[in-house]
1. With a Förster radius of 30 Å, plug the Cβ-Cβ distance of Ala98 and Met54 into 1/(1 + (r/R0)^6) and report the FRET value to the nearest 0.05.
2. Taking 0.36 nm per residue of sequence separation and subtracting the Cα-Cα distance, how much length would be gained by fully extending the chain between Ala82 and Ala105, in nm to one decimal?
3. Once you place label points 7 Å from the Cα toward the Cβ at Lys32 and Asn133, how far apart are they in nm?
4. Scan around Val64 for amide H atoms under 5 Å from its own, H built in the peptide plane at 1.01 Å from N, and keep only partners 5 or more places away or cross-chain.
5. Which Cα, out of Phe119, His69, Gly108, lies furthest along the positive dipole direction of region 28-157 (beta carbon charges, K/R +1, D/E -1)?
6. Compute the length gained on full extension between Met124 and Ile67: take 0.36 nm times their separation in residues and subtract their Cα-Cα distance, giving the result in nm to one decimal.
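Computed from the coordinates by the stated procedures, all read-outs in this text should not be read as laboratory data. The structure displayed is predicted, hence computed values, not measured ones. In this analysis, Cβ positions are derived from the backbone assuming ideal geometry, glycine residues included, and neighbour counts consider all displayed protein chains.
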Amino acid sequence: MAKLHVAGMLSTAALALTMIVSPSLAQPDTAKIAAAIKANEAALIASFNSCDPMKAVGYNAPDVVSIFHGAPNMVGAAAHLADAKKGCQDKTQHVALANETVDVAASGDMAVYRSTYVFTGTDMKTKKPMTENGNYLVGWKKQPDGSWKMEWDVVSNTP
């Protein structure tokens with residue numbers, strides 16, 4: 001009888017230890033994550049459109065990489081800030097996003113945002129109004145503090 005009692009206590013202790021040590025088995029709420037990513041994108045674009053470069057780059061991870069058509073890759077938050085400040089010289093620039101989709105990894109720590117965009121502004125060479133349509137793809141990663149930061153983005157114009 002004593003062996004049975006000790007075995008039961010050890011079994012209960014092992015179960016309790018497993019519950020404490022093992023990570024949560026709860027599935028991430030992908031709909032909530034997708035909504036957070038869309039909200040971040042909306043705020044980022046609003047910052048861009050209002051020409052607030054500091055706020056816009058606040059959504060970037062420190063080692064963010066941007067891939068723009070016809071340009072070398074832009075790497076790092078400092079490069080993004082310099083580019084955003086340069087872009088603010090055109091007070092007519094505006095971006096609108098549509099057809100948004102967010103795919104969230106089953107782990108809940110990565111998400112891919114994709115949309116189409118329409119960019120309007122001034123052609124820097126001709127000084128004439130211009131419109132560009134394209135595709136926008138962004139990789140977001142959950143940070144240790146629980147926030148989401150842009151790790152990479154691809155901007156690709158379409159005919």
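1. Efficiency for this residue pair is about 0.65.
2. Working: separation 23, 0.36 × 23 = 8.28 nm, distance 3.16 nm.
Length gained, Ala82 through Ala105: 5.1 nm.
3. 3.8 nm
4. Hits under the 5 Å cutoff: Gly76, Ala77.
5. In region 28-157, that residue is Phe119.
6. Result: 18.5 nm gained on full extension.
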